[in-house]
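Shown next, in structure tokens, is the structure this report addresses.
The values are calculated or read from the model by the stated rules, or taken from the named source; none is laboratory data. This one's a predicted model, so the numbers in the text were calculated from it and none came from an experiment. Cβ placement follows ideal geometry from the backbone for every residue including glycine, while neighbour counts extend to all protein chains displayed. Areas reflect the complete protein model, heavy atoms only, side chains present, ligands, DNA and RNA absent. Shrake-Rupley method; radii C 1.70, N 1.55, O 1.52, S 1.80 Å.
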Amino acid sequence: MSATLKQATGPQFTRILSFGAARGENAVPNDDLIGPIDSSDEWIRQRTGIITRARAVKETDAIDLATIAAAEAIEKSGVAASEVDLVIVATISNPKQSPSVSAIVADRVGSNPAAAYDVNAACAGYAYAIAQADALIRAGAARYALVIGTEKLSDVVDPADRSISFLLGDGAGAALIGPSETPGIAPAVWGSDGSKADAVGMNGTLTQFRDGEVPWPTLRQEGPTVFRWAVWEMAKVAREALEVAGIEAADLAAFIPHQANMRIIDEFAKQLKLPETTVIARDIETTGNTSAASIPLASHRLMVEHPELSGGLALQIGFGAGLVFAAQVVVLP
Ligand SMILES: CC(C)(COP(=O)(O)OP(=O)(O)OC[C@H]1O[C@@H](n2cnc3c(N)ncnc32)[C@H](O)[C@@H]1OP(=O)(O)O)[C@@H](O)C(=O)NCCC(=O)NCCS
């Protein structure tokens, strides 16, 4: 008879212990972008809610932004960097396809030799990674996990593309996840619809660029297609996330949706029938859409502006290129 393998088991529950954030150094107002897309400050404000977006300088990349956000999350958590044994980075703007952002960040913040890998789930990447960190810790595969969303999207925009260029910003947000006595991360409702893969994403491959077949590949989208999908399908996903968490909209201290468009955020709030008392994250106004970084950046800001939310329930939902989506209820640190 062969020997029986040992199995790991972890704590019953996990929670978010802290957040960290880093935004691109420059605040870029609408007026700086409208020329090449024949737009106006008024149109962008009315149709998206964006007034300025954060953009990083040439020398700063997604790894630098992630490092700053991660260092803050570690410091605020009270957990030693050396205790972090898992680093998951959600990003679509790693400056190189390999190596991963996560291994470099783990080393830079003092968490070498933590397990480290990157996740490509676009604007749902952070919520995907939170689901993974929670599951891995509860399974005993890790004890303290850093989950980071980081993007330098300004490197992959075409200033003349009026479908998306004015929406995007640069930044990173981080959360430190650890064991908890009580439930702190509810089950995720997550999934994908690859039949709509063409609705948003890069408009060329690196080999096409190498062979001179396309200009520098950039992000583009079928705005109204994504908008309709977000408003109709994602509101259902958000409701499901409340259901699997066993709570009602009225129990939410905060609502932290992906910061894609203020009109989408308002529509969610209406469809979910959020009470007046639920604080809604509206970081898009001055940060723009930072894809995987948008939910943790908005969470960080919410906790700075509303420290009284600590310990309250927040519903977060990410959705984007793939198409992919993920939503879950979390307890705010
Ligand atoms: C991109 C987006 C802001 C466009 O807004 P919209 O209200 O859908 O705009 P439409 O494309 O329907 O265009 C409406 C009008 O504005 C015009 N328009 C489109 N883009 C414009 C721009 N950047 N500036 C000025 N006018 C613009 C169109 O030509 C159209 O004019 P018309 O009515 O005279 O024909 C919006 O669709 C959006 O936010 N989509 C979802 C984004 C998202 O969630 N992405 C997730 C992945 S990150």
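Counting 0.36 nm for each residue step from Lys58 to Ala80 and taking away their Cα separation leaves a gain of 4.7 nm.
Give, as a single signed number, the net charge of other residues whose beta carbon lies under 15 Å from the beta carbon of Ile51, with Lys and Arg counted +1 and Asp and Glu -1. Residues near Ile51 contribute +2 overall. Comparing Ile177, Ile256, Ile51 in a Gaussian network model of the chain, where Cα atoms under 10 Å apart are tied by springs, the biggest mean-square fluctuation is seen for Ile51. The residue among Pro113, Ser163, Ala321 whose Cα reaches farthest toward the positive pole of the charge dipole of the chain, with charges on the beta-carbon of Lys, Arg, Asp and Glu, is Pro113. Annotation: amide H-H contacts under 5 Å for Asp85 (H modelled 1.01 Å from N, sequence separation of 5 or more, or interchain): Arg143, Tyr144.
Straightening the chain between Glu308 and Arg210 buys 30.1 nm, computed as 0.36 nm per residue apart minus the Cα-Cα spacing. The stretch between Ala139 and Lys236 holds 32.0 nm of extra length on full extension. This uses 0.36 nm per residue minus the Cα-Cα distance. Dividing the mean sequence gap of close Cα pairs (under 8 Å, 6+ apart) by how many residues the stretch 189-331 holds gives a relative contact order of 34 percent. With contacts taken as Cα pairs under 8 Å and at least 6 residues apart, the chain reaches a relative contact order of 26 percent. The charge dipole of the stretch 141-209, taken about its Cα centre with unit charges on the Cβ of Lys, Arg, Asp and Glu (plus for the first two, minus for the last two), comes to roughly 160 debye. Among Thr225, Thr287, Thr67, the largest mean-square fluctuation in a Gaussian network model of the chain, built with springs joining Cα atoms closer than 10 Å, belongs to Thr225.
The residues of the stretch 189-331 expose, per residue, 43 Å² of accessible area to a 1.4 Å probe. For Gly322, the amide hydrogen comes within under 5 Å of the amide hydrogens of Val200, counting only partners 5 or more places away or on other chains and with H modelled in the peptide plane. Volume per residue of the convex hull around the Cα atoms, evaluated for the chain, comes out as 155 Å³. Straight-line reach from Lys96: taking Cα to Cα under 17 Å and skipping same-chain neighbours fewer than 8 places apart, the lysines in range are Lys58, Lys152. Taking Ala131, Ala250, Ala121 in turn, the Gaussian network model of the chain (Cα-Cα springs below 10 Å) assigns the largest fluctuation to Ala250. Scalar couplings 3J(HN,Hα) for the stretch 111-126, obtained by applying the Karplus form with A = 6.51, B = -1.76, C = 1.60 to θ = phi - 60°, are 10, 4, x, 4, 4, 8, 7, 9, 10, 10, 9, 6, 6, 9, x, 5 Hz; x denotes Gly and Pro. Using the Cβ-Cβ distance between Ile247 and Gln97 with R0 set to 35 Å, the FRET efficiency works out to roughly 0.30. Across the stretch 314-331, computed HN-Hα scalar couplings (Karplus, 6.51 cos²θ - 1.76 cosθ + 1.60, θ = phi - 60°) run 10, 9, 10, 8, x, 7, x, 3, x, 6, 9, 8, 7, 9, 7, 8, 10, 8 Hz from first to last residue, x flagging Gly and Pro. Could you pull out which residues in the stretch 301-315 have an amide N less than 11 Å from a spot 7 Å beyond the Cα of Glu285, following the Cα-Cβ vector? No residues fall inside that zone. Our helix-only sum for the chain, with -39,500 (n - 2.57) per DSSP H run of n ≥ 4 divided by its residues, gives a mean residue ellipticity at 222 nm of -8500 deg cm²/dmol.
Computed 3J(HN,Hα) for the stretch 236-245, one whole-Hz value per residue from the Karplus formula 6.51 cos²θ - 1.76 cosθ + 1.60 where θ = phi - 60°, is 5, 4, 4, 5, 4, 5, 5, 4, 5, 7, glycine and proline marked x. Taking all Cα pairs closer than 8 Å and separated by 6 or more residues, the relative contact order of the stretch 13-180 comes to 36 percent.
Between amide H atoms placed 1.01 Å from N, distances below 5 Å from Ile16 occur with Val331, all of them 5 or more places distant or on a separate chain.
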